[in-house]
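Peer 1: Okay, here's the structure, questions in a sec.
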Amino acid sequence: MQSPSTVSGLSLPENLREGQVAVAQAVADNDTLVSAKLPTGYGKTLAFCAGYSVKRHQGVVDYMLYLVPRDAQVRQAAEEVPRELRDNFGLSTTSIIVRDDPVVAIRRLQAGTTLVFVTTIQIIATSQGTRNALNELLRIGRWFIAVDEYHNLPLMVGDNPGRYWSALEQLPRAFTLAMTATPRLDNGNDPFPEPAPRVRYDKA
């Protein structure tokens with residue numbers, strides 16, 4: 001399906017699927033947070049890039065912190081996100097994987113060539129060094145935090161968030177886009193609202 005020509009004044013590529021356009025529109029229409037459900041294989045990475053590009057076009061954010069659940073996904077995200085931004089939104093950027101030392105990441109940010117920073121929520125929750133590095137990094141500029149596959153994170157316990165949620169909530173940001181393929185049945189325990197927009201598997 002051909003996408004609308006613009007969202008919030010930003011021209012969108014015609015190859016976006018209906019759900020990806022809906023995510024971009026929801027991001028454009030909200031001030032701080034969008035939660036969305038897209039089935040596995042539908043193109044969440046491109047939807048994240050669309051959302052980031054819209055908020056960047058609106059002048060709300062400068063940089064993207066892309067969070068994945070596991071180490072195995074880090075390098076894939078570090079390759080795919082800059083490629084999608086370049087090919088579909090005309091944003092030329094490199095990426096860097098953030099670990100415990102913020103020095104190189106900050107240098108890359110200040111050089112103006114890197115818009116995309118990638119790490120895992122697991123390492124944020126378990127490494128004080130990485131948390132310190134990110135807090136130092138995120139004090140520079142305005143950040144779009146992309147939370148991928150948040151259904152893989154441990155649930156909150158009662159009203160008290162576990163260390164994964166606490167680590168995530170403490171990160172400074174201008175906007176958050178969280179996406180899942182499988183919303184939990186007990187969504188009331190999640191720190192994100194019920195996903196909207198959402199695409200059913202039989203409509204994918």
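The values are calculated or read from the model by the stated rules, or taken from the named source; none is laboratory data. Just so it is clear, the model here is predicted, and its values are computed rather than measured. Virtual Cβ from ideal backbone geometry, glycine too; neighbours counted across all protein chains shown. SASA here: full protein model, heavy atoms, side chains in, ligands and nucleic acids out. Shrake-Rupley method; radii C 1.70, N 1.55, O 1.52, S 1.80 Å.
Peer 1: With only alpha-carbon pairs counted, each pair once and no self-pairs, how large is the Kirkwood hydrodynamic radius of the range 69-162 in angstroms?
Peer 2: Computed over the range 69-162, the radius equals 14.4 Å.
Peer 1: For the range 1-88, what is the convex hull volume of the alpha-carbon atoms per residue, in Å³?
Peer 2: So the per-residue Cα hull volume is 100 Å³.
Peer 1: Once you keep just the Cα pairs under 8 angstrom separated by 6 or more residues, what percentage relative contact order results for the chain?
Peer 2: 28 percent
Peer 1: Using a ≥ b ≥ c from the Cα gyration tensor of the range 1-149 (square roots of the eigenvalues), is it rounded, prolate or oblate, where a/c under 1.5 gives rounded and otherwise the larger of a/b and b/c decides, a/b for prolate?
Peer 2: Note, shape of the range 1-149 comes out prolate.
Peer 1: Another question, then. If a/c stays under 1.5 just call it rounded; otherwise compare a/b with b/c (prolate if a/b is bigger, oblate if not). Do that for the range 64-106, with a ≥ b ≥ c from the square roots of the Cα gyration tensor eigenvalues.
Peer 2: Oblate.
Peer 1: Using a 1.4 angstrom probe on the protein heavy atoms only, line up Glu84, Glu79 by accessible area, largest first.
Peer 2: Sorted by accessible area, descending: Glu79, Glu84.
Peer 1: Ordered by residue, what ³J(HN,Hα) values in Hz, to whole numbers, does the range 74-80 give under the Karplus form 6.51 cos²θ - 1.76 cosθ + 1.60, where θ = phi - 60° and Gly and Pro are x?
Peer 2: Karplus values, whole Hz, x for Gly and Pro: 5, 5, 4, 5, 5, 8, 6.
Peer 1: About the Cα centre of the chain, what is the dipole size in debye to 20, counting +1 per Lys and Arg Cβ and -1 per Asp and Glu Cβ, all else neutral?
Peer 2: Roughly 280 debye, rounded to the nearest 20.
Peer 1: Let me ask another. Which order do the peptides 28-35, 143-150 come out in when sorted by mean C-beta neighbours inside 10 angstrom, highest first?
Peer 2: 143-150, 28-35
Peer 1: Okay, next question. Tell me the accessible surface of Arg108 in square angstrom (1.4 angstrom probe, heavy atoms of protein chains only), to the nearest ten.
Peer 2: Taking all protein chains as shown, Arg108 has close to 70 Å².
Peer 1: Could you work out [θ]222 nm for the chain from helices alone, using -39500 (n - 2.57) per DSSP H run of at least four and dividing by all its residues? Round to the nearest 500 deg cm²/dmol.
Peer 2: One gets -11000 deg cm²/dmol as the mean residue ellipticity at 222 nm.
Peer 1: If amide hydrogens are placed 1.01 Å from N in the peptide plane, which non-local residues have theirs closer than 5 Å to the one on Arg198?
Peer 2: Amide H neighbours of Arg198: Lys37.
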